[in-house]
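Since the structure comes first, as C-alpha cells, the remarks are kept for the end.
The values are calculated or read from the model by the stated rules, or taken from the named source; none is laboratory data. Note that the coordinates shown come from a computational prediction; the quantities given were computed from them, not determined experimentally. Reconstructed Cβ throughout: ideal geometry from the backbone, glycine too, with neighbour counts over all protein chains shown. Surface areas here come from the heavy atoms of the whole protein model, side chains and all, with no ligands, DNA or RNA. Shrake-Rupley method; radii C 1.70, N 1.55, O 1.52, S 1.80 Å.
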Amino acid sequence: MKLTFLGSGTSHGIPVIGCSCDVCQSTDERDKRWRSSLLVENEDTTLVIDTGYEFRLQMLRAKIKKLDGVLYTHAHADHLMGLDDLRVFCREQNMDIYAPAGILNSIKKTFGYAFNAFPGLGIPQLNANSVEPHVPFRIGSLEIIPIPVKHGTYDISGYRIGNIAYITDVSDIQIECNRDYLQNLDILIIGALREKPHPTHYSFSEAISATKELKAKRVIFTHMNHATSHAVIAERYKGIAEPAYDMLTLEV
Ligand SMILES: [Zn+2]
Ligand SMILES: [Zn+2]
Ligand SMILES: [Zn+2]
C-alpha cells in the first residue's frame with residue numbers, strides 16, 4: 001500500500017493569505033501546506049480521504065487518473081469544498097463516497113445537485129454510502145474501519161485502512177471506545193494543529209499523550225497551522241512523532 005499526503009495543512013492553508021510570519025515566508029517547500037488530504041493506493045485500488053479546496057490541484061500534482069472512492073472525515077469546508085471536481089472521475093460510472101450518515105446529510109445540503117441523476121450535465125454523479133463506527137467495509141481490495149472521534153462537539157470519523165489509521169481534526173480520540181481498533185498500527189496519522197491548545201484540535205503534545213498507549217510504530221502529524229515550521233516540529237519531536245509534508249509518500 002502506498003500513502004501520499006496530498007495536503008498537510010489546517011483550514012487556512014499555509015502560507016496564510018496576507019501573513020508575513022516566518023513559516024508563511026519560509027522557502028522550505030515542506031512549509032507549504034495545502035488543505036489536508038491523503039491518497040491511499042495499492043495494486044488495484046485508489047482512494048482519497050477528503051476533497052478540500054485544492055482537490056483539483058492535488059489530483060494534478062499527484063498525477064491521479066482514476067479514483068475508486070472517497071472517504072469523508074467530516075463536512076467542514078476545508079475537507080469538502082473540492083467535491084465538484086470529482087466530476088471528471090464520474091464519466092464512466094458514479095463515484096462512491098463514504099461517511100457516517102450525519103456527515104453525508106451535511107454534504108448533501110452543500111452539494112445536493114451531485115446526488116441527482118442527470119447524466120451528461122457536467123456535474124458529479126455520486127453514490128452516498130453510509131458507514132457505521134467500527135463496521136468494516138471494502139473499497140476494491142482495501143478494507144476500511146471507521147473510527148469515531150470528537151472534533152470539539154462534532155462527531156466525526158477517522159479511518160483505519162489495513163495497518164494505518166488517518167484521524168484528522170480530532171480533539172478527543174475516544175480511546176476507551178477505539179482502543180481495540182487501533183492496535184498494531186504501522187502508521188498513525190493524527191491531526192495536530194500547533195503547540196498551544198485549541199478547543200477543537202489536538203496540540204502536538206496532546207496528540208502524543210492521547211495516542212501513546214497505542215504504541216503505533218510511527219506517529220505522523222497532519223493538519224498543522226503556520227505557528228511552527230516543519231524543521232522545528234521534526235527536531236522537537238524526534239523519535240516520538242514526525243510532521244507530514246505535502247507529497248510525502250510512504251510505502252507500507
Ligand atoms: Zn480541517
Ligand atoms: Zn503565517
Ligand atoms: Zn474540521
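Worth a mention:
- For the stretch 143-155, backbone phi angles converted through the Karplus equation (6.51, -1.76, 1.60; θ = phi - 60°) give residue-by-residue couplings of 9, 10, 10, x, 10, x, 9, 9, 10, x, 9, 7, 7 Hz, Gly and Pro being listed as x.
- Gaussian network model of the chain, Cα within-10 Å springs - most flexible of Arg33, Arg138, Arg56: Arg138
- Against the empirical 2.2 N^0.38 Å (N residues), the stretch 135-198 has a Cα radius of gyration ratio of 1.14.
- Taking amide H as placed 1.01 Å from N in the peptide plane, Ile139 has its amide H under 5 Å from the amide H of Ile144, each at least 5 places away in sequence or on another chain.
- For Val219, the residues whose amide H sits under 5 Å from its own are Leu188, Glu242, ignoring neighbours fewer than 5 places away on the same chain, with H placed 1.01 Å from N.
- For the stretch 33-178, the Cα gyration tensor yields ellipsoid semi-axes of 23, 17, 15 Å (square root of five times each eigenvalue, largest first, whole Å).
- Karplus-based coupling profile of the stretch 210-216, in residue order and whole Hz: 5, 10, 3, 5, 6, 6, 4, with θ = phi - 60° in 6.51 cos²θ - 1.76 cosθ + 1.60 and x standing for Gly or Pro.
- Each distinct pair of alpha carbons in the stretch 132-240 adds a 1/r term; the inverse of their mean, the Kirkwood radius, is 14.1 Å.
- 1.4 Å probe accessible area per residue over the stretch 160-233, in Å²: 40 Å²
- Pair Ala101, Glu29: separation of 7 Å Cα→Cβ label points (nm): 4.6 nm
- Relative to the globular-protein estimate of 2.2 N^0.38 Å, the Cα radius of gyration of the stretch 88-163 stands at 1.23.
- Listed residues Ser171, Ser130, Ser20, most fluctuating in the chain (Gaussian network, C-alpha, under 10 Å): Ser20
- Accessible area, probe 1.4 Å, largest first, for residues Leu6, Leu121: Leu121, Leu6
- The stretch between Glu242 and Lys196 holds 14.8 nm of extra length on full extension. This uses 0.36 nm per residue minus the Cα-Cα distance.
- Here the chain is treated as a sphere whose radius is the Kirkwood value from Cα pairs; by Stokes-Einstein at 37 °C and 0.692 mPa s it diffuses with a coefficient of 181 µm²/s.
- Computed from the C-beta positions of Val232 and Ser209 and an R0 of 22 Å, the FRET efficiency is 0.65 to the nearest 0.05.
- Zone residues, the stretch 158-193, relative to Arg218, backbone N less than 19 Å from point 7 Å out along Cα-to-Cβ: 159-168, 182-192
- Cα centroid separation, the stretch 5-77 to the stretch 150-199 (Å): 18 Å
- Calculated from backbone phi, Karplus (6.51, -1.76, 1.60) coupling profile of the stretch 176-189 in Hz, x at Gly/Pro: 4, 7, 9, 3, 5, 8, 10, 8, 6, 8, 6, 9, 10, 9
- Out of every Cα-Cα pair that the stretch 21-107 contains, those further apart than 20 angstrom amount to 38 percent.
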